[in-house]
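Okay, so here's the structure we're looking at.
The values are calculated or read from the model by the stated rules, or taken from the named source; none is laboratory data. Remember, predicted model here, so these are calculated numbers, not experimental data. No Cβ is skipped: glycine too gets one built from the backbone with ideal geometry, and neighbour counts run over all protein chains shown. Just so you know, the surface numbers come from the protein's heavy atoms only, side chains and all, with ligands and any DNA or RNA stripped out. Shrake-Rupley method; radii C 1.70, N 1.55, O 1.52, S 1.80 Å.
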Amino acid sequence: MELLKDNMMTISSDEFENNIMADAEEFSPAIQLQDSGTRKVPEDDFKAVAYKQDWNEQSKLPADYIRREDMEIKDVAMKHVLPFLPGKSLMKFRAVSNEWNHWIVCPLLAYQQSTSFQKLSGYFYQIVDVDFQSDPNFLSLDHSANGIPNPSLGFLPERIKVLSSSSGLLLCQGLESYYVCNPLTEDWKRIPPHQYYHGSDPAVILAFDPQGNIESYFHLVAAVPLLDQPVVFFEIYSSQSNSWRRSSSECLEFEDTTLVGGGLYMKGMAYWSTTSNGVLAFDVKNEVAAVLRVPIPPGRYGALTQVKDELSYVTVYNDCGDVFMLDIYGGMDMSLNRSVCINLGHKKSRQTLEEDPFIDNGTVLCSVLPCINSGDDIVVICTTERIYLYYLSGQKVETFMTPGQLNTKRRFIPYTNNLTAIYELKN
């Protein structure tokens, strides 16, 4: 409560009034347009429901508008703190009061929270196989705040493989269809069939920017290599038109390499790693493609990661004992920007070092997991026993138990826990 008082003292009364008026005037008409596109659900469900805005005829203001002189701490928390919390925490706060419940299930809060909360919440992980025999699971970085109700995504109509994540939405592949879903609210949408063959492990990325996008429009971008040719073309799905089309852009410098599934989307760009330590980049808006070469020593591999709000390619190796070396590549030429020596305290007995098949000559096998995180520069390192979150700015380490031994077929997809709504287009 003291924290809320401090937050209130740092914002002027005029700012409170202006913020609330802006919310009411700018978003209320947009929400009303979604009345027929948002499904009403029971009160105890996780989904956001549309509601009709009531107006006070005497003051010509929304009925739920609170004047400056009447504002209390709880009102400050509801309007200015809740949007910055992870989705699972918001679900708990629905029990505070009817007023809070009404606000938390409002599509306006879902929009505000999806634009305000952009921190890494955990990873969906799964053994990648052709037969869909392995169900996905979820590794939460904070079970009390970032959990989801159904980690295996059993609410979808068939068994799936998780391909990509973007601002709280997941892209999944079934036997015949793609699905886009919100694992927190369990909203989902079946994507219509695409025109070209994408392969058994397709390089498809979900591109979703919540900022200024209250309708929650998104794109799917599929990078499709031509058979026996060093060319990649792109097939793009738009949720606004609910259709696929082939882009006029092609990448002609794709030679002696293949794409690695589970790419990354950030700041309007789709990125895929390649087996030759390159990065295929595609500008979704302008539809321009390029290959970025990463000067990595032979035999070393890394992952795409967001560092200082920019794309980086990060590698890690165990130098000796508890000492690990991080190499961070970035910039337009993907050159080596920084090398970091860290001690993770990965202590093992001599007997363990001799018996563990994933340790070679006393060196611990490790890898970097892909990461999108706004605010903190984090590198996520996975070893045979633990997952480490290393904060580059504060040089702090957080430790989590790894879900089983290191497996090259296990794919980790970073996830942000938010309330992003999925709307169906009106006919």
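Per-structure values
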{"read-out": "Count of residues meeting criterion [of a type in the set (K, R) and within 19 Å of C371 (Cβ to Cβ)] in the stretch 273-328", "value": "2"}
{"read-out": "Evaluation of S152 against (1) free of Cβ contacts under 8 Å to residues at least 24 places away in the same chain; (2) buried (at least 23 other Cβ atoms within 10 Å of the Cβ); (3) of a type in the set (S, T, Y) (one fails), failing number", "value": "(2)"}
{"read-out": "Top-ranked residue of the stretch 245-271 - restricted to ones that are closer than 17 Å to F208 by Cβ and aromatic (F, W, Y), ranked as surrounded by the fewest Cβ atoms within 10 Å (Cβ to Cβ)", "value": "Y271"}
{"read-out": "Within the stretch 214-229, considering residues that are part of a loop (DSSP other than H, G, I, E, B), without any contact (Cβ under 8 Å) to a residue 60 or more places away in the chain and not aliphatic (A, V, I, L, M), the one most open to solvent (accessible area, probe 1.4 Å)", "value": "D228"}
{"read-out": "Number of the condition not met by A77 [criteria: (1) part of a loop (DSSP other than H, G, I, E, B); (2) more than 21 Å from S165 (Cα to Cα); (3) open to solvent by less than 30 Å² (accessible area, probe 1.4 Å)]", "value": "(1)"}
{"read-out": "Residues within the stretch 284-297 that are within 17 Å of V224 (Cβ to Cβ) and of a type outside the set (A, V, I, L, M, F, W, C), tallied", "value": "1"}
{"read-out": "Yes/no for N146 being open to solvent by 10 Å² or more (accessible area, probe 1.4 Å) and within 27 Å of K267 (Cβ to Cβ)", "value": "yes"}
{"read-out": "Subset of the stretch 176-203 (residues that are β-branched (V, I, T) and either under 14 Å from the mean Cα position of the chain (by Cα) or modelled with pLDDT under 95 (or both))", "value": "V180, T185"}
{"read-out": "Considering residues of the stretch 374-412 that are of a type in the set (G, A, S) and modelled with pLDDT under 80 only, the residue nearest to L304 (Cα to Cα)", "value": "S374"}
{"read-out": "Search result, residues across the stretch 155-202 that are surrounded by fewer than 20 Cβ atoms within 10 Å (Cβ to Cβ) and touching a residue at least 60 places away in the same chain (Cβ under 8 Å)", "value": "E186, W188, K189, S200, D201"}
{"read-out": "Boolean, P149 is assigned to a loop (DSSP other than H, G, I, E, B), within 14 Å of the chain's Cα centre (by Cα), modelled with pLDDT of 90 or more and not aliphatic (A, V, I, L, M)", "value": "no"}
{"read-out": "Test: residue in the stretch 283-302 that is of a type in the set (V, I, T), closer than 22 Å to L120 by Cα and touching a strand residue (DSSP E or B) at 6+ places or on another chain (Cβ under 6 Å)", "value": "no"}
{"read-out": "Some residue of the stretch 137-146 being over 14 Å from N417 (Cβ atoms) and in a strand (DSSP E or B)", "value": "yes"}
{"read-out": "Test for I205: is it within 22 Å of I372 (Cα to Cα), open to solvent by 20 Å² or more (accessible area, probe 1.4 Å) and touching a residue at least 60 places away in the same chain (Cβ under 8 Å)", "value": "no"}
{"read-out": "Pair list, Cβ under 6 Å, 6 or more apart: the stretch 269-287 residue basic (K, R), other residue modelled with pLDDT under 95 and open to solvent by 10 Å² or more (accessible area, probe 1.4 Å)", "value": "K285/G268"}
{"read-out": "The stretch 233-247, residues that are in contact (Cβ under 8 Å) with a residue 12 or more places away in the chain and of a type outside the set (S, T, Y)", "value": "F233, F234, E235, I236, Q240, N242, W244, R246"}
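Residue-wise test of (1) of a type in the set (A, V, I, L, M, F, W, C); (2) over 24 Å from the mean Cα position of the chain (by Cα); (3) modelled with pLDDT of 90 or more.
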{"site": "L304", "(1), (2), (3)": "yes, no, yes"}
{"site": "Y313", "(1), (2), (3)": "no, no, yes"}
{"site": "M334", "(1), (2), (3)": "yes, no, yes"}
{"site": "L344", "(1), (2), (3)": "yes, yes, no"}
{"site": "F358", "(1), (2), (3)": "yes, yes, no"}
